[in-house]
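Below: one structure, written as structure tokens.
The values are calculated or read from the model by the stated rules, or taken from the named source; none is laboratory data. Since the model is a prediction, treat every value here as computed from it, not as a measurement. As a convention, Cβ positions derive from the backbone with ideal geometry for all residues, glycine included, and neighbour counts pool all protein chains shown. In case anyone asks, the SASA skips ligands and DNA or RNA and just uses the protein heavy atoms, side chains included. Shrake-Rupley method; radii C 1.70, N 1.55, O 1.52, S 1.80 Å.
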Amino acid sequence: MKRIILSAIAVMMCAFANAQELKYGVKGGLNLSNFTGDTDGVNLKSKAGFNFGGFVEIKLSDKFSIQPELLYSTQGSKAKDQVQQIDDILYNGDVCFNLSYLNVPVMFKYYVADKFNVEAGPQIGFLTSAKTKTTLDGYSGSHEMDVKDIFESIDFGLNLGTGYDFTDHLSVGLRYNLGLANIAKTESGDDTKLHNGVFSINVGYKF
């Protein structure tokens with residue numbers, strides 16, 4: 001992972017040196033996230049969230065550009081129909097995993113048409129918070145717990161997406177983040193794997 005990050009930094013430095021045009025912008029949108037991996041026996045459902053941040057589009061030619069970004073992103077998953085024992089009584093309920101990341105994607109964009117592009121690139125994410133919100137049948141309200149210590153502080157993945165520029169300033173994009181790193185903090189001998197998976201749709205504005 002370190003090699004990939006260092007390679008991405010080297011590519012960006014070279015891109016800045018050879019850029020034909022730089023465009024700065026802001027973007028934001030909606031996430032639909034879930035966990036993948038060793039999740040057998042757990043009824044996981046997708047969770048809605050949001051993302052927002054800024055980017056720099058480094059135009060290298062009419063067809064090709066590199067776009068580093070900095071995004072705050074709310075992610076996670078919902079575990080439905082979980083059984084909880086309280087005072088020797090079994091209750092059914094739902095547990096929502098609310099994770100927040102500061103993500104740094106570096107996207108390589110290719111314009112297959114005048115306004116339409118496809119993109120791919122690595123992403124590193126820094127966990128800023130992780131909480132569960134549990135709601136049990138027969139109980140009013142919900143219980144929230146900090147669970148940051150059971151998740152790894154750094155995530156790594158691959159982004160794939162596409163975008164369309166309506167104007168020189170306004171654009172829309174669709175992206176999927178395939179989590180490659182194990183985000184579950186495990187002890188020696190525990191080979192449990194858990195990964196992030198996030199669909200996102202964004203609207204961007206270039207200044």
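Mind telling me which of the residues S129, S188 ends up being in contact with a helix residue (DSSP H, G or I) (Cβ under 9 Å, 6 or more places away or on another chain), without any contact (Cβ under 8 Å) to a residue 40 or more places away in the chain and either under 22 Å from T39 (Cα atoms) or open to solvent by 60 Å² or more (accessible area, probe 1.4 Å) (or both)?
S129
Name the residues in the range 195-207 that are over 12 Å from the mean Cα position of the chain (by Cα), open to solvent by 20 Å² or more (accessible area, probe 1.4 Å) and modelled with pLDDT of 95 or more, would you?
Across the range 195-207, the qualifying residues are V203, Y205.
Do you know which of the residues in the range 136-155 that are part of a strand (DSSP E or B) and either open to solvent by 60 Å² or more (accessible area, probe 1.4 Å) or at pLDDT 95 or above (or both) is nearest to S65 (Cα to Cα)?
Once the filter is applied, the top-ranked residue is D155.
Any idea how many residues of the range 48-80 are farther than 26 Å from D165 by Cα and open to solvent by 20 Å² or more (accessible area, probe 1.4 Å)?
Residues that pass the stated criteria total 2.
Within the range 146-203, work out how many residues are touching a His at 6+ places or on another chain (Cβ under 9 Å) and among the polar types (S, T, N, Q).
1
Of all residues in the range 30-47, count the ones that are surrounded by 19 or more Cβ atoms within 10 Å (Cβ to Cβ) and within 19 Å of L174 (Cβ to Cβ).
Total satisfying the criteria: 4.
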